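K.L.:
Take this structure first; my questions come after.
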Amino acid sequence: MNAAARRSGPRFSPRGRWSQVHASDVREQLRSSFSRWGLPGRFRVDNGAPWGSRGDWPSELALWLIGLGVEMTWNTPNRPQENGVVERSQGTADRWCEPWTCDSPEELQARLERMDRIQREVYPYRGRLSRLACHPGLAHSGRPYAPESEASLWDWGRVAAHLSGRVAIRRVNPNGMVSIYNRGRYVGKVHRGKEVYVTFDPETNEWVFSDPSGRELRHKPADEISPERIIALDVVDRRW
């Protein structure tokens, strides 16, 4: 295709499409990255899909990562400066790759990979040295990963410990219900309109509902929280 045709032809515009990416697609890309670079020690993420979950209970994709031993850190909502290095990197990628001139996702991917390689291995970082030369650990995290060995790496205990350290606040609706992972849980009509505190009991695998004074109001099975459902990315009820 000549230059004139490229300028006048249809454009691939990625803007606004990221909301259509499913957690399962993101996970497959993560698995590919982990196979190449090793498991990271920590992820810093924002609160949008597929990472966020009302700022309290981790999304199913985050729970899968926690099970692999990846520590999760969420930015404060509406505070992108907390992840300033990544935000600047995305701005650089946008300027260098000019995604609005790409004709396909494949072309954009190729440009991004080339830009990433230049930034990491060629572009001067300190003096005449690249980032990779200054930080050889960038080549691999030192934590090997392979999709076929994922079952032996994934640990339910990490997930249970993480969830047990969280507290969420819910307001009881007129029917006496609150929502957890889009699943209704009955607290009692006598508590409607009130705020309740929700915790996870890893010993009984239950949601525990308490009032602001700490008095327990009700326990409900946390059926959606299990190794099988997390690995299947089937924690959230999408029928609502």
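K.L.:
Shape of the stretch 164-203 from its Cα gyration tensor (a ≥ b ≥ c, root eigenvalues): rounded if a/c is under 1.5, otherwise prolate when a/b > b/c, or oblate?
P.N.:
prolate
K.L.:
With the full set of protein chains in place, find how many percent of the accessible area of the stretch 89-240 is carbon and sulfur; take the probe as 1.4 Å.
P.N.:
51
K.L.:
Where only protein heavy atoms count, and the probe is 1.4 Å, what is the accessible area per residue for the chain in Å²?
P.N.:
61
K.L.:
Can you show me the helix-derived [θ] at 222 nm for the chain, built from DSSP H runs with n ≥ 4 at -39,500 (n - 2.57) apiece and divided by the number of residues, rounded to the nearest 500.
P.N.:
My calculation for the chain gives -9000 deg cm²/dmol from helical runs alone.
K.L.:
Quick one: length gained pulling residue 186 to residue 133 fully straight, 0.36 nm per residue minus the C-alpha distance?
P.N.:
Roughly 13.4 nm would be gained on extension.
K.L.:
For residue 135, what charge total do you get from the other residues with a beta carbon under 11 Å from its beta carbon, if Lys and Arg give +1 and Asp and Glu give -1?
P.N.:
Result for the local shell: +3.
The values are calculated or read from the model by the stated rules, or taken from the named source; none is laboratory data. Bear in mind that the values here come from a model prediction, so they are computed numbers and not experimental data. Here Cβ is always computed from backbone atoms with ideal geometry, including for glycine, and neighbour counts include all displayed protein chains. Remember, those area values only see protein heavy atoms, side chains included, never the ligands or the DNA or RNA. Shrake-Rupley method; radii C 1.70, N 1.55, O 1.52, S 1.80 Å.
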